[in-house]
Amino acid sequence: MLDLSGAWRFRYSTRADLPDDFAVPDFADAGWDILPVPAHWQLHGYGAPAYTNVQYPFPVDPPYVPDENPTGDYRRTFAVPDGFLTQGSRALLRFEGVDSAFRVWVNGTEVGTSVGSRLPTEFDVTNALRVDGENVIAARVHQWSSASYLEDQDMWWLSGIFREVLLLSRPPDGVQDVFVHADYAATTGTGTLRVDTPAPARVRVPELGVDAASNQEISAGPVEPWSAEVPRLYDMEVVAEGTEGSPVETVQLRIGFRSVTIADGVFTVNGRPVKLRGVNRHEFSPDRGRAVTAQDMLADVLLMKRHNINAVRTSHYPPHPAFLDLCDEYGLWVVAECDLETHGFFLVDWRDNPSDDPRWQEAMIDRVTRTVERDKNHPSVVLWSLGNESGTGQNLTAMADWVRERDPSRPIHYEHDWSCRDVDVYSRMYATHDEVAAISTRSESPLDDPLLDERRRAMPFVLCEYAHAMGNGPGGLLEYQQLFESSPRCMGGFIWEWIDHGLRQRDDRGRARYGYGGDFGEQVHDGNFVADGLLFPDRSPSPGLLDYAAVIAQVRIEPAVLGVRVSNRFDFRDLADVAFRWAHEVDGVETAAGDLDVPSLGPGESAVVALPSAATEAGGGPGERWVTVAAALQRSAPWAKAGHLITRGQVQLAAPDAAGSRSAGSRSAGSRSMGGKSMGGKSMGGN
């Protein structure tokens with residue numbers, strides 16, 4: 001693999017009808033600017049960002065877009081390293097993400113075109129490539145295309161080559177595709193493995209002693225299952241062997257054994273019901289837009305884990321592939337969403353909506369195909385999502401049919417069709433507490449079609465978006481969480497959204513601020529609606545995130561008679577790795593502290609633990625008295641060090657009487673459960 005990211009020559013135009021003479025190798029580009037790849041050109045001074053939520057920033061006249069169509073021309077030279085291509089090898093030029101449509105030439109030969117901004121594209125450039133000497137790649141990227149009608153997500157309109165560009169060398173008899181089916185039987189604790197490849201190959205999992213042929217079911221014996229709480233991965237090799245038995249190509253994967261099922265209307269993984277404590281995540285940096293770095297992605301995953309979040313919906317497109325690697329490694333349930341949204345057709349009463357127009361069917365199936373094929377081997381992906389806010393129609397049905405045929409091991413999600421005709425889970429946005437309460441008991445208003453109504457009532461329920469985190473939001477979190485936990489039907493939900501999309505600006509005096517819609521001279525925009533995240537643009541936690549962390553904490557500490565009730569809300573883990581400590585405080589000043597012995601409760605278990613007399617009778621003079629019980633990591637985890645605070649709960653003690661005695665363990669109405677995080681020496685959280 002040769003990484004072709006870096007400095008490219010760049011020329012910007014406000015129109016698309018330009019000659020393509022720039023693609024010839026000897027074109028004089030010395031006067032062009034230099035633009036980094038990956039990047040969005042609007043964030044480097046070419047054109048301007050524009051934010052819309054629902055409306056398109058151009059007239060809705062599908063499939064046409066304006067003639068004034070900002071266009072970026074890119075050029076890069078490179079040499080192929082010695083030995084990069086061998087006899088019969090193919091050279092593939094891979095673009096991980098280009099917004100929105102582009103054409104590509106290599107050494108003056110056009111090798112292809114593509115759309116689908118957040119999806120990869122590979123071009124076979126074998127015949128166009130020069131093994132000796134200099135090669136020239138030329139690419140023309142258009143901001144608008146017919147595909148823009150399928151990409152009306154709630155986000156900034158930003159253009160260009162914003163993910164990596166790679167040149168791959170592939171042997172003729174290599175591993176052309178891999179589809180891993182690693183299932184787990186909870187009743188026996190054993191795993192089965194089937195690795196589908198187009199041509200025969202060897203499958204090796206050294207840790208399990210597996211060395212077998214592909215395209216057959218393999219008994220892996222006892223295995224440790226993968227879950228978001230215990231993300232156990234195994235190293236696997238898939239080896240294509242030549243006629244002499246020597247390896248031609250080896251593909252290395254990290255696999256996790258797990259099974260996803262809907263049993264009696266309940267969403268389960270590895271035989272256990274799972275509650276999603278999730279967020280909707282756009283890719284975002286205040287300086288780079290969607291051209292996120294490895295550090296950005298890791299920061300997101302670590303912050304999620306440290307704030308008790310266990311699930312991510314990739315709103316509303318496939319993320320950078322490295323993000324899903326992190327979800328596999330650190331443990332997050334993922335709803336993998338297709339790069340599809342046609343929300344702006346709502347403003348014209350869904351007239352000519354692509355979702356129900358057969359002329360768009362191939363394009364829409366292409367998007368879900370590329371989503372599934374890219375991400376199918378990630379154990380963290382537990383649901384496929386057809387897209388977002390695209391109305392209803394026959395093309396969504398065709399997409400669902402294709403996914404179900406290709407990968408029946410994962411349920412299908414799509415929110416905008418409340419009849420749930422094509423999906424496996426009932427999904428809603430922003431349903432009220434009362435409506436969620438009705439759905440949780442299957443007493444919601446019926447559909448007109450009795451067969452569809454019966455089918456929907458048998459489905460698990462998820463709030464794919466709720467508790468909009470804008471301004472003083474999110475609100476009502478505790479009530480929602482209580483509803484989720486009250487019903488096996490409720491899978492949980494995903495807060496809208498993870499991070500504010502504020503783009504960094506500087507005024508004439510160099511002072512920084514975060515801009516939103518309308519701050520870049522755009523006439524069509526949706527204002528500050530893009531500033532609605534649990535994180536501020538610099539990835540510092542908002543009070544809303546701290547509140548959410550407290551509400552969804554998987555360890556719960558609440559007042560009880562003569563002590564505290566400790567509950568384990570994990571789906572798979574016991575509390576053996578959690579340490580508990582009490583602290584007695586008077587008017588906020590700690591006067592005594594000690595360890596609290598709590599049994600290693602299993603998932604879903606709880607116990608009342610007595611507070612020691614040292615906690616309830618500690619001195620310190622008159623004042624308001626509290627005992628705080630904190631739960632923290634006993635040992636370091638990959639995402640946090642030992643001592644990281646998971647949650648805490650408080651019990652208020654009665655004031656001492658005139659004689660100085662105290663009522664041990666007495667409570668007031670002020671008793672409460674609190675949660676939060678210890679990061680950088682600061683204690684955060686509490687509800």
* Asked: Could you give the alpha-carbon Rg of the stretch 511-630 over 2.2 N^0.38 Å, rounded to two decimals?
  -> 1.59
* Rounded to the nearest 0.05, what FRET efficiency do Asp453 and Ser146 have when you use their Cβ-Cβ distance and R0 = 25 Å? -> 0.10
* Structure fact -> the stretch 102-164 and the stretch 443-477 have their Cα centres apart by a whole-number Å value of 39 Å
* Kindly state, to the nearest 0.05, the FRET efficiency for Asn127 paired with Thr187, given R0 = 51 Å and r defined as their beta-carbon distance. => 0.40
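Accessible area, 1.4 Å probe, largest first: how do Thr314, Thr432, Thr126, Thr243 sort?
Thr243, Thr432, Thr126, Thr314
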* Structure fact -> Regression test value, accessible area per residue of the stretch 62-104, probe 1.4 Å, units Å², expected 40 Å²
* Asked: When only C-alpha pairs under 8 Å and at least 6 residues apart count, what is the relative contact order of the chain, in percent?
  -> 10 percent
* Give me the orientation-averaged projected area of the Cα convex hull of the stretch 67-130, in nm², one decimal. => 5.2 nm²
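Expected output is a single nm value to one decimal: the length gained when fully extending between Glu605 and Val524, i.e. 0.36 nm times separation in residues minus the C-alpha distance. What is it?
23.8 nm
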* To do: Could you list the residues of the stretch 48-76 with an amide nitrogen less than 19 Å from a label point located 7 Å from the Cα of Leu347 in the Cα-to-C-beta direction?
  => 48-70
* Asked: What figure in square angstrom, to the nearest 10, would you give for the accessible area of Tyr430 with a 1.4 Å probe?
  -> 90 Å²
* To do: Let me know the charge dipole size of the chain about its Cα centre in debye, to the nearest 20, where only the beta-carbon of Lys, Arg (+1) and Asp, Glu (-1) is charged.
  => 2060 debye
* Structure fact -> Residue-normalised value, i.e. accessible area per residue, for the stretch 255-386 at 1.4 Å probe, in Å², stands at 27 Å²
* **Trp418 versus Phe536: modelled label distance in nm, points set 7 Å from Cα along the beta carbon direction** => 3.8 nm
* To do: Any chance you could count the Lys pairs in the chain whose alpha carbons are under 28 Å apart, treating pairs 8 or more apart or on different chains as valid?
  => 10
* Structure fact -> Full extension between Leu18 and Asp325 adds, at 0.36 nm per residue less the Cα distance, a length in nm of 106.5 nm
* Asked: So for Arg625, Arg194, Arg511, what's the accessible-area order with a 1.4 Å probe, most first?
  -> Arg511, Arg194, Arg625
* To do: Place +1 on the Cβ of every Lys and Arg and -1 on the Cβ of every Asp and Glu in the chain, take the dipole about the Cα centre, and give the residue among Tyr548, Ala560, Leu303 whose Cα lies farthest towards its positive end.
  => Ala560
* Structure fact -> Heavy-atom accessible area of the chain with neighbours in place, 1.4 angstrom probe: carbon+sulfur share in percent works out to 49 percent
* **Surface per residue (accessible, 1.4 Å probe) for the stretch 555-666, Å²** => 45 Å²
* Spatial separation of Cα centroids for the stretch 244-317 and the stretch 553-601, in angstrom -> 30 Å
* Once you list every other residue whose beta carbon is under 10 Å from the beta carbon of Glu237, what net charge do they have if Lys and Arg are +1 and Asp and Glu are -1? -> 0
* For the stretch 238-378, give the share of DSSP beta bridges that are antiparallel, in percent and rounded to the nearest 5; count only bridges with both residues there. => 65 percent
* Using a 1.4 angstrom probe and counting only protein chains, how large is the accessible area of Ser606 in Å², to 10? -> 50 Å²
* What whole number of Å gives the distance from the Cα centroid of the stretch 606-629 to the Cα centroid of the stretch 345-368? -> 62 Å
* Ignoring ligands and nucleic acids, what accessible area does His181 show with a 1.4 Å probe (Å², nearest 10)? -> 30 Å²
* To do: Set Lys and Arg Cβ to +1 and Asp and Glu Cβ to -1, take the dipole of the stretch 44-113 about its Cα centre, and tell me which of Ala101, Val111, Leu85 lies farthest positive.
  => Leu85
* Asked: Stokes-Einstein D for the chain at 4 °C, 1.567 mPa s, Kirkwood Rh over Cα pairs, in µm²/s?
  -> 47 µm²/s
* Structure fact -> One would report the Cα pair-distance distribution of the stretch 202-330, bin width 5 Å, in %, as 2, 9, 15, 16, 16, 14, 13, 10, 4, 2, 0
* Label-point separation, Arg513 to Ser486 (7 Å along Cα→Cβ), nm -> 4.4 nm
* Per 10 Å bin from zero, what fraction in whole % of the C-alpha pairs of the stretch 135-215 is there, up to the bin with the longest pair? -> 12, 25, 18, 24, 19, 2
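The values are calculated or read from the model by the stated rules, or taken from the named source; none is laboratory data. Here the structure is a predicted model, which is why all the values come from computation and not from measurement. All Cβ positions, even for glycine, are placed from backbone atoms using ideal geometry, and neighbour counts span all protein chains on display. Keep in mind that these areas ignore ligands, DNA and RNA; they rest on the heavy atoms of the full protein, side chains included. Shrake-Rupley method; radii C 1.70, N 1.55, O 1.52, S 1.80 Å.
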